[in-house]
Amino acid sequence: MSRGYWHDVTMPPDSDARSILDQPVLNWQARSLLDLMESIGAPALDSQEPAAARATRAELAPEPTEECHEIRDVDAGGVAARLYSPKPASPTPGLLVFFHGGGWVIGDLDSHDNICRSLTNRSGHAVLSIDYRLAPEHPFPAGLDDCIAATEWAHANADDLGVDPTRLAIGGDSAGSNIAAVVAHESPVPIAFQLLVYPVTDCRMGTASYEENSEGYFLTKSSMHWFIDHYLSGEQGSPTDPRVSPLLASDEKLARSPRTLVITAGFDPLRDEGVAYAHRLAALGVEVSHTEFPGQFHGFFSLPHMLDDARAGHALAAEALGLALASAS
């Protein structure tokens, strides 16, 4: 059986129970949500021009589902950003510099507003969401450069942000976690923790999960081609460039990575490269934890208002962030 979901998992009397239980099963909430999206019939991202794809994504952005103590827009050294501050507490909170997903082509501060509110509230630490430049108007390495500059700015301006500069973390989802991993390799400032949610780590797109989950689970193999082609349209990088595919970085650079949490989804083309990245970090002595949500698809982390697993993922990420920053102080 290919990766998919069952409508009926009743075992016949002569079945091999182990082989049945080894089959992947799409979470029932995820299945219902994917069915709903299919019924709506929204055009595939890779069938649209980037501007239209951004408009399609903006229409799907959920309304805020929870309040946050303080939210304000800031200029992070020439890069637009949004600061989410928790309720005042002692000691001074740390800071997660967050890079949104969207294949380096779509996404913005609003598309990931609910994630940032949730992580701020659950961790007790501030979040600075970065509105880096997008491809193809600004291809690689423009967005990466913005994120490095914003991270340096956040460390230098920690007092003005009301955070502890010794407790700085980075993270993101999908393309945002790709950027976070590369920022960690470059080590522009001391970083205590990184959160990588279904990260893009190998743009060669050659893993088994790309074939198993090539279509039908929100992110498709075709759309990943579309994203990568736009990101690299400036011809200043390639899929084998470690700044594009951080899994291909040297041992020396990977070993610079801070304490890390990697979250993957079972029905995701990016699943295997996320797992491989976690394994490589561990082999190099980096403190890394990996949790897979086997019944989920790419993008689930953005839907805590609809998916129990997303809420569980936020709780996991917030606790890992809090523990790492507490030990860094």
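Averaging the Cα positions of each part gives two centres, and for region 277-303 and region 29-51 these lie 25 Å apart. For C68, C203, the sequence from fewest to most other C-beta atoms within 10 Å is C68, C203. Stretched out straight at 0.36 nm per residue, the stretch from T56 to W28 would grow longer than its current Cα-Cα span by 7.5 nm. For the pair T65 and K221, label points projected 7 Å from Cα toward Cβ lie 3.2 nm apart. Taking every DSSP helix (H) stretch of at least 4 residues in the chain, weighting each as -39,500 (n - 2.57) and dividing the sum by the residue count yields a mean residue ellipticity at 222 nm of -11500 deg cm²/dmol. Note on I71, I106, I179: ascending count of other Cβ atoms within 10 Å places them as I71, I106, I179, the fewest first. Of the GluC sites (Glu not before Pro) found in region 224-301, the ones in coil according to DSSP and having at most 14 other Cβ atoms within 10 Å of their Cβ are E235, E287.
Classify region 30-328: rounded, prolate or oblate, from the alpha-carbon gyration tensor (a ≥ b ≥ c, eigenvalue square roots; a/c under 1.5 rounded; otherwise prolate if a/b is larger than b/c)? It comes out rounded by the Cα gyration axes. Charged neighbours of P269, selected by a Cβ distance under 10 Å, balance to -4 (K, R count +1; D, E count -1). Sorting M37, M306 by the number of Cβ atoms found within 10 Å of their own Cβ, with the fewest placed first, yields M37, M306.
Within the listed set S214, S129, S32, the residue fluctuating most in the Gaussian network model of the chain (springs between alpha-carbon atoms under 10 angstrom) is S32.
Spatial offset of region 94-122 relative to region 175-253 amounts to 17 Å, using the alpha carbon center of each.
Only the coordinates and a few stated rules stand behind these numbers; no lab work does. The shown structure was predicted, so the numbers you read here are calculated from the model rather than taken from an experiment. Glycine also receives a Cβ, built like all others from the backbone with ideal geometry; neighbour counts cover every protein chain displayed.
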